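Here the structure is laid out as structure tokens; the discussion comes afterwards.
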């Protein structure tokens, strides 16, 4: 039986499978279906300094092999998280990654400070949310702002910081390097790709926000390419995500250079997807005589 | 019966449906199945100054609701096109768009000059091919180079120039504006999004070129969003493409601001796709009492 | 509230009206957890998103439940292509459901595809029930017999008058609400209908609960896409149809 | 060369071996255009790309043709889920096919799923044919009777020796090529086998044509993805399996 443990930013996880922010809430709903303690980690719903009500509905529309969402970071705020959700999450024995978002650098820093002495394991710096007017992706599309916001957040917290990159950029490697030189302990990618759909009968965009973030199997090839480029550009661990629905997808990501993966939209199709992916990776390792999951990271043989 | 005629860069077409470059050769193969004279136009296989052998196979791999290709601009060269293909194409009574690619600005200019007095209708400046080492997308990912190459090509030809933009950029509107200020008579988008897939058994990328261009229904929401952003950024006509497989897709593109559309990967799934799309647009116009297809362009009602 | 994701065997398939299907599904565990007003989230072939379908009847003895849906989109079309002997991958039961522990008389109002879930309420509830069911036309009328078996009075309206009373359910509601004293009104159907019902209920000072619809993602309350605006006192907020609903106190809904 | 895209009715379905299916399809127009060595490009449900499948037999009188495929991927799996009475959306016939106008004796060599197309050649060709068919093991052996009905001698090899001669088709080929004079060798199967066959043919100065495989897009020669390197004199270039092939003169193939 292969060793599935991984270590991201000095945080040990049972296995390399993490549920992605925004698709898994704070874990409670899916814990009704299976014990979430079997996961490597949970990236919590994007959390802001104060409660946020999010965008007007409709907030979702299905597309071919994917979906667009425009939730807009609805969340109860960081204090509520620390008081109501964190204690329960920690009791589930799973690595807790807090996805943090804000509309100003100060906001990001304040949250980072608030959680600095908490029990969370990693801060995932969400500078790639395409569904909020100010902040979000604005910080994630220029190398300078990626580096500086990473730097400032790092100064305000003792927690390791994982920077979540946006795929809506010309050069993902440049963004990865910027995060690293800003002091990122890890990077995660990809967030959603901005997209749109229009109802030809009403002539209205299906989403009240007009545009939204594309996720699901449709984006996997783009995500894999970007993870490969990012992993080749930095030395810090890369957490790969974007359309992962099967163990094969997860293994492709790890071969491309991801030290761990996040599973998002697949949870909606099959609540057991993360569990099946963990089992599938184990089987692949055993079938191929690999005794440590870390041994496949970055092992793609480029032509 | 609605009027389906459109005019792109002073070139009249029977209808707004054009087959996309690289998926339709020079029209001969599909003319065996239906008379290509029913199409609004044909964007020919990307053509270079001299014959090009393209990339090593495998050059294609299917993905969810799409495919990756890495043909690498295999083509017989512009002289062969002018001598062997153009006369036949013109005899089919269809607008001929020559997709032009090169590895240096000079190459682009030389081809533009060679076809300046030919019978082609429009030059489609391909500065977004992700599958060639030099040139291609390199020209398409910075506003300065987009503007300058457009400018220089325009100086070398009397033909209208339509600049085909790459989706692999941070700000598509900026690229559209750059093409326009460079003198583009029209812009077309999107070219393919760079992607990758890995065979977990051999640990090899499925494509010999390692990466390739993602096309097909998977990319439609991204293409629609970019066409909408580009159309709002420029006054020249925008030709929309990227995952269009049905009349509904084509209509969404036109509502978003496309004056015409290109159909590519859908030809592989259903050879009759362009014909069905033309008929479907006509039906939509008639059902909605619209008498001129141009009247739906840009009519999306943003929330 | 507890739910599972399991296979459910299709034991019966029936087309009630053009494109409107009734399926009987077997899964004892899911049935044992179910109550009136809840829904199941069904996997549709290769589709990314499941489709939420209300539970139309629950048979705890035989461990089967019925769903009724209209095959209008790609997902429901796939569902209607499945036959007896096939299995659905079902996540549920989901949502809060209706409170069936009622004293006094209950009025159930259903419009179109909002009719089936009310049948489940009528069956579960012990108090006497009347029902007003609205349809587009005669050939869209479904479940009339089923309602008559469990309700004291069943009134049917059609938009075109081809069956029952011509007009909207709300026309009939206004009259009946005067004649008959109801302790609660439960309604499911298109938003405009629900809003109109809520107004009349408020005017007549009758408690009213409505079952809302919104495009859904996870179905369990994790993704927050199925937002609907509700007010508690003067504070407005986004609740979520899949977890906080689908049933809401009509007075809390911001229409 | 002419082809069409039409529906073809499935009139017969048969599982020849574990996961290996033979389908008989009816479409007179397509059949009237078909010849040995060509293939059809089949739409697989919601898949973006069609799947190229070699024609295994042609019955012009009844307007039907057979295909044999291995259900190993998602596309072919979908195909094997279709039954008698269903239709395939078929584009074809495609490719150049084998030249069946041969004088003298012909040797046909097939390996695994490369065996079926050779049956079509054996049936179309007037000259006397011998066949060497290679399989993994006994339970993978298919079409033996069919070949015996149209060939003078049919030799079968299996990798594990569980049926026929143990070893590769090429082992047998070397022997036979000495004993018997052939004017041409036609082969279809895995690339390594085809290369080995080509070498032996060249050594024995026998003309040899091979049917190649490559991942395909359009299937008609428009998209240029199914490239294979060929040489004409000293000039190497990329030909395309779907249009220039799938049959190539072995001496022109750059292995």
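The values are calculated or read from the model by the stated rules, or taken from the named source; none is laboratory data. Please read these numbers as outputs of a predicted model, since none were measured by experiment. Counting neighbours? That spans all protein chains shown, and the Cβs are built from the backbone with ideal geometry, glycine included.
Of the residues making up region D:217-234, those that are touching a helix residue (DSSP H, G or I) at 6+ places or on another chain (Cβ under 9 Å) and either more than 8 Å from chain B (Cβ to nearest Cβ) or surrounded by fewer than 24 Cβ atoms within 10 Å (Cβ to Cβ) (or both) number 4. Pull up region C:183-201, narrow it to residues that are in contact with a helix residue (DSSP H, G or I) (Cβ under 7 Å, 6 or more places away or on another chain) and outside any strand (DSSP E or B), then point me to the one that is surrounded by the fewest Cβ atoms within 10 Å (Cβ to Cβ). The selected residue is C:190.
Per this entry, residue C:90 is not counted among residues that are under 18 Å from the mean Cα position of the chain (by Cα), crowded, with 23+ Cβ neighbours inside 10 Å and outside the structural domain of residue C:16 (by TED's automatic domain parsing). All conditions but one from (1) crowded, with 22+ Cβ neighbours inside 10 Å; (2) more than 14 Å from chain B (Cβ to nearest Cβ); (3) within 30 Å of residue A:294 (Cα to Cα) apply to residue A:75; the one that does not is (3).
When only residues in region D:32-48 that are within 11 Å of chain B (Cβ to nearest Cβ) and out of contact with any helix residue (DSSP H, G or I) (no Cβ under 6 Å at 6 or more places or on another chain) count, which is nearest to residue D:97 (Cα to Cα)?
Just the residues of region D:32-48 that are within 11 Å of chain B (Cβ to nearest Cβ), to begin with: D:33, D:41, D:43-48.
Still in the list and also out of contact with any helix residue (DSSP H, G or I) (no Cβ under 6 Å at 6 or more places or on another chain): D:33, D:41, D:43, D:46.
Values: D:33: 12, D:41: 14, D:43: 21, D:46: 29 Å.
Out of the qualifying residues, it is D:33.
Considered as a group, the residues in region A:265-303 that are touching a strand residue (DSSP E or B) at 6+ places or on another chain (Cβ under 6 Å), facing another protein chain (nearest Cβ under 10 Å) and more than 28 Å from residue A:32 (Cα to Cα) include one that is surrounded by the most Cβ atoms within 10 Å (Cβ to Cβ), and that residue is A:300.
When region A:20-38 is filtered for residues that are touching a strand residue (DSSP E or B) at 6+ places or on another chain (Cβ under 6 Å) and more than 9 Å from chain C (Cβ to nearest Cβ), the ones remaining, listed by number, are A:20, A:21.
Counting only strands (runs of 3 or more DSSP E) wholly contained in region B:143-251, the ones carrying 3 or more residues that are touching a strand residue (DSSP E or B) at 6+ places or on another chain (Cβ under 7 Å), modelled with pLDDT of 95 or more and within 10 Å of chain A (Cβ to nearest Cβ) occupy B:193-195, B:212-215. Kindly indicate which of B:14, B:45 is more than 8 Å from chain D (Cβ to nearest Cβ) and at pLDDT 95 or above. Step by step, each of B:14, B:45 is checked, and only B:14 is more than 8 Å from chain D (Cβ to nearest Cβ) and at pLDDT 95 or above.
As a summary of the residue check, residue D:159 satisfies the conditions (1) within 30 Å of residue B:269 (Cβ to Cβ); (2) over 19 Å from the mean Cα position of the chain (by Cα) except for the one numbered (1).
Mind checking whether some residue in region A:79-90 is touching a residue at least 12 places away in the same chain (Cβ under 8 Å), under 26 Å from residue A:147 (Cα atoms) and surrounded by fewer than 23 Cβ atoms within 10 Å (Cβ to Cβ)? No: region A:79-90 contains no residue that is touching a residue at least 12 places away in the same chain (Cβ under 8 Å), under 26 Å from residue A:147 (Cα atoms) and surrounded by fewer than 23 Cβ atoms within 10 Å (Cβ to Cβ).
Quick check on my filter: what residues within region A:252-264 are in a loop (DSSP other than H, G, I, E, B) and either more than 11 Å from every other protein chain (Cβ to nearest Cβ) or surrounded by fewer than 24 Cβ atoms within 10 Å (Cβ to Cβ) (or both)?
Pass one, region A:252-264, residues in a loop (DSSP other than H, G, I, E, B): A:257-259, A:264.
Selection gives A:257, A:258, A:259.
In this structure, is residue D:199 under 30 Å from residue B:206 (Cα atoms) and out of contact with any strand residue (DSSP E or B) (no Cβ under 7 Å at 6 or more places or on another chain)? So residue D:199 fits the description; yes. Taken over region A:270-300, the residue count meeting the criterion of being touching a helix residue (DSSP H, G or I) at 6+ places or on another chain (Cβ under 9 Å) and either over 13 Å from residue A:17 (Cα atoms) or at pLDDT below 95 (or both) is 15.
Here region D:69-86 is the region considered, the condition is being crowded, with 17+ Cβ neighbours inside 10 Å and not in a strand (DSSP E or B), and the residue that is nearest to the other protein chains (Cβ to nearest Cβ) is D:75. Identify, from the list D:139, D:130, D:89, D:66, the residue that is within 14 Å of another protein chain (Cβ to nearest Cβ), outside any loop (DSSP other than H, G, I, E, B), in contact (Cβ under 8 Å) with a residue 24 or more places away in the chain and in contact with a strand residue (DSSP E or B) (Cβ under 9 Å, 6 or more places away or on another chain). Being within 14 Å of another protein chain (Cβ to nearest Cβ), outside any loop (DSSP other than H, G, I, E, B), in contact (Cβ under 8 Å) with a residue 24 or more places away in the chain and in contact with a strand residue (DSSP E or B) (Cβ under 9 Å, 6 or more places away or on another chain) holds for just one of D:139, D:130, D:89, D:66, which is D:89. Among residues that are farther than 27 Å from residue D:160 by Cβ and modelled with pLDDT of 95 or more, residue D:86 is included. Taking region C:202-214 as the region of interest, how many residues are at pLDDT 95 or above and either within 26 Å of residue A:47 (Cα to Cα) or in a loop (DSSP other than H, G, I, E, B) (or both)? Total meeting the criteria: 1.
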